[in-house]
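Readers should treat all values here as calculations from the given coordinates under stated rules, not as data from a laboratory. On a predicted model such as this, the values are computed, not experimentally measured, just so you know. Counting neighbours? That spans all protein chains shown, and the Cβs are built from the backbone with ideal geometry, glycine included.
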Amino acid sequence: MTSPIPPLNPLRTFEVAARLCSLTLAAEELNVSQVAVSRQVKTLEDYLGVTLFRRLHRGVELTDEGRQLYEGIAHAFQDIATASRRVSRRGRRDILAIQSYTTFSQRWLIPRLTDFHDKHPRIEVRLSSSTAPVDFESQNLDAAIRAGKGDWPDLHCEKLVDIELIPICTPDYQEQHGLFDPNDLSRVRLLHSMARPTDWAAWIKRVGADVDPEPGIRFESSALAYEAAAMEGGVAVAVKIFVKRQLQNGTLVAPFGDQTCYSGEGYFLTWPKNTAPSRTLIKFLDWMRDRIQVDNPDRGSDGTDAGG
């Protein structure tokens, strides 16, 4: 015979109090009184026959038994919340939690999100940014935008666009330093992104220039390197889709024309292989593909050259 499950209301109250290490904060989260929280915890302690908290002068701490219980139920309540969120149709909006790189968010996604909202006003996108690999089990995300070759074994990967590299600077910087041939880069300051440390070497090798790719200034993100280029700090090598608007309006130029380099990587929308994508996520994927196609009409819908 299976062991009976403890009463769920006291168990839920204990989980919140244990997670917050405070009966007062638990009462605020559950919208009840602290006396009610204490009563629910006491009910669970009586049911289990153990003490779960040590009452201290300025709060509470878990006993060994309380810690064991919390470690056993914390993921269960998280799983319940996640499953409920995925199937719930309550409320007016569908929530779509997406993680992306900071530069992808700033330079491509954020300027276009109003278009997605106009087309899908009932979908609320919650966007977070990080350079760290996503942990779907703990971060409660629907999908993440990642750069690479799409060979992550535990993820379903939908390619958005290939990564195409192109040097950029301001028109004045190009004129002042006489930048018209790739070999001219040996006379100017190169701006590097520590997030993409091999881009300059890849582009210089691709065009066959006699330039040392290492000297220059290094920035934490590509977005900072692009900003430095816009302030005439030197020449950055950019992912082309991130600077296309600035190239079109003339605030930035590609001093060597259309001499670009494909890195062999791309941007992908990813989610766990063992999770079916929601209808909301499919709408977001379709919208991203449409926008990339509009921005890059010479590219195929899978991010590759439409000409083959």
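Results for (1) loosely packed, with under 13 Cβ neighbours inside 10 Å; (2) under 32 Å from the mean Cα position of the chain (by Cα); (3) farther than 30 Å from Gln293 by Cβ, shown as yes or no for each residue.
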{"residue": "Ala36", "(1), (2), (3)": "no, no, yes"}
{"residue": "Tyr47", "(1), (2), (3)": "no, no, yes"}
{"residue": "Arg55", "(1), (2), (3)": "yes, no, yes"}
{"residue": "Gly59", "(1), (2), (3)": "no, no, yes"}
{"residue": "Leu62", "(1), (2), (3)": "no, no, yes"}
{"residue": "Gln78", "(1), (2), (3)": "no, yes, yes"}
{"residue": "Ala81", "(1), (2), (3)": "yes, yes, yes"}
{"residue": "Ile98", "(1), (2), (3)": "no, yes, no"}
{"residue": "Thr114", "(1), (2), (3)": "yes, yes, no"}
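Of Arg189, Arg218, all but one fail to be touching a Gly at 6+ places or on another chain (Cβ under 8 Å), charged (D, E, K, R) and more than 29 Å from Lys273 (Cα to Cα); the exception is Arg189.
Which ones in the range 153-174 are in a loop (DSSP other than H, G, I, E, B) and more than 22 Å from the chain's Cα centre (by Cα)? Answer for the range 153-174, where residues must be in a loop (DSSP other than H, G, I, E, B) and more than 22 Å from the chain's Cα centre (by Cα): just Thr170. All conditions in (1) surrounded by fewer than 18 Cβ atoms within 10 Å (Cβ to Cβ); (2) in contact (Cβ under 8 Å) with a residue 60 or more places away in the chain; (3) of a type outside the set (A, V, I, L, M); (4) not in a helix (DSSP H, G or I) hold for Trp287, with the sole exception of (4). Within the bounds of the range 258-267, is there any residue that is charged (D, E, K, R) and touching a Pro at 6+ places or on another chain (Cβ under 9 Å)? No, the range 258-267 has no match at all. I'm told Pro111 meets every condition in (1) under 29 Å from Glu137 (Cβ atoms); (2) touching a Lys or Arg at 6+ places or on another chain (Cβ under 8 Å); (3) not basic (Lys, Arg) except one. Can you identify the failing condition by its number? Failing condition for Pro111: (1).
Name the single residue, out of those in the range 179-210 being of a type in the set (A, V, I, L, M) and closer than 20 Å to Gly148 by Cα, that is nearest to the chain's Cα centre (by Cα). Per the criteria, the residue is Ala195.
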